[in-house]
Amino acid sequence: MARIFVTGSGQGLGYLAGLRLRDLGHEVVFHARNPTREADLGQTLPGAQIVTGDLETMDGAADVALACNATGRFDAVIHNAGVGDRGTGWLTTDGLPLVFAVNVLAPYLLTALMHRPDRLVYLSSSMHFGPGRLDLAKAWVQDEWRLPLDYGASKFLLTTLAFGVARLWPDVAANAVDPGWVPTRMGGAQAPDDLALGAATQADLALDAPMTGGYVHHGKACEPDPATRHPGFQDQLLGLCARISGVTLPAGTAKP
């Protein structure tokens, strides 16, 4: 039996992935953003283990990591939580774009602060293609965010983060998942892709990851934006996250 933590699992893809894993007999810890959502999830899944905390802020993400560590080490963590277009242009109380805070910095902080698992799954998107190597030197200047960033760019950075972790932590299987355009609250009812397949790929990689540094869509390995594979750009992103948060990714044995 594996222990798995799934962020953003009060509804949608994260909920379905957690439910799939729980139904298979694994120990799943769900995540709710606030007490109201925790209560709703507790009514839907009586007896479920739930960690509550808002990943919008650095303190909130650190508190979630601390609460998770208090329960013990996980075999896998699925970084499913995310915000869509509504987060574009919205600054958090930390002065960061919401799409960066939730979609990129929170997964970075949880990765850095939680006990290291065997498998990490990061929820990417087909919209990650195209931003190119963003000028991260202009992102955080004099403690202010200066770089325009939208949802697609945030997923580009998250995918880069996943591959950077895979490179620096070869003892951990870290992969990115494109669930497709699925009918969730974020995707909308008109979304054409298979919701069950999107959730299943996350769950399956949390249990058995035959690769690391993979980009997987509906169970099949695909090619990501090649810029996400560049070690120098990965290091720039990790350095930016460390500079903003004051938390450095623990060292691993880097691949040659």
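What is the set of long-range amide H partners of VAL83 at a cut-off below 5 Å, with H atoms built 1.01 Å from backbone N?
Distant-sequence amide H within range of VAL83: ASN103.
What FRET efficiency would be calculated for the residue pair THR71, ASP118, taking the C-beta separation as r and a Förster radius of 22 Å, to the nearest 0.05? Could you put the intermediate results ahead of the total?
On the way: r = 16 Å, r/R0 = 0.74.
For R0 = 22 Å, the calculated efficiency reads 0.85.
Any idea what angle helix 231-245 forms with the longest principal axis of the chain, computed on alpha-carbon atoms, 0 to 90 degrees, nearest 10?
80
So how tilted is helix 12-23 from the main axis of the chain? Cα-based, degrees 0 to 90, rounded to 10.
50
Once you charge only the Cβ atoms, +1 for Lys and Arg and -1 for Asp and Glu, what is the size of the charge dipole of region 3-245 about its Cα centre, to the nearest 20 debye? Intermediate results must be reported in sequence, preceding the final value.
On the way: 18 positive and 25 negative charges, 38 e Å.
The dipole magnitude comes to about 180 debye.
Give the percent of DSSP beta bridges with both residues in the chain that are antiparallel, rounded to the nearest 5.
Details: 6 of 28 bridges.
Here the antiparallel bridges make up roughly 20 percent for the chain.
Laboratory data are not the source of any read-out in this text; all were calculated from the coordinates shown. Keep in mind that what you see is a predicted model, and the values were worked out from it rather than measured. Quick reminder, even Gly has a Cβ in these numbers, built from the backbone with ideal geometry, and neighbours come from all protein chains shown.
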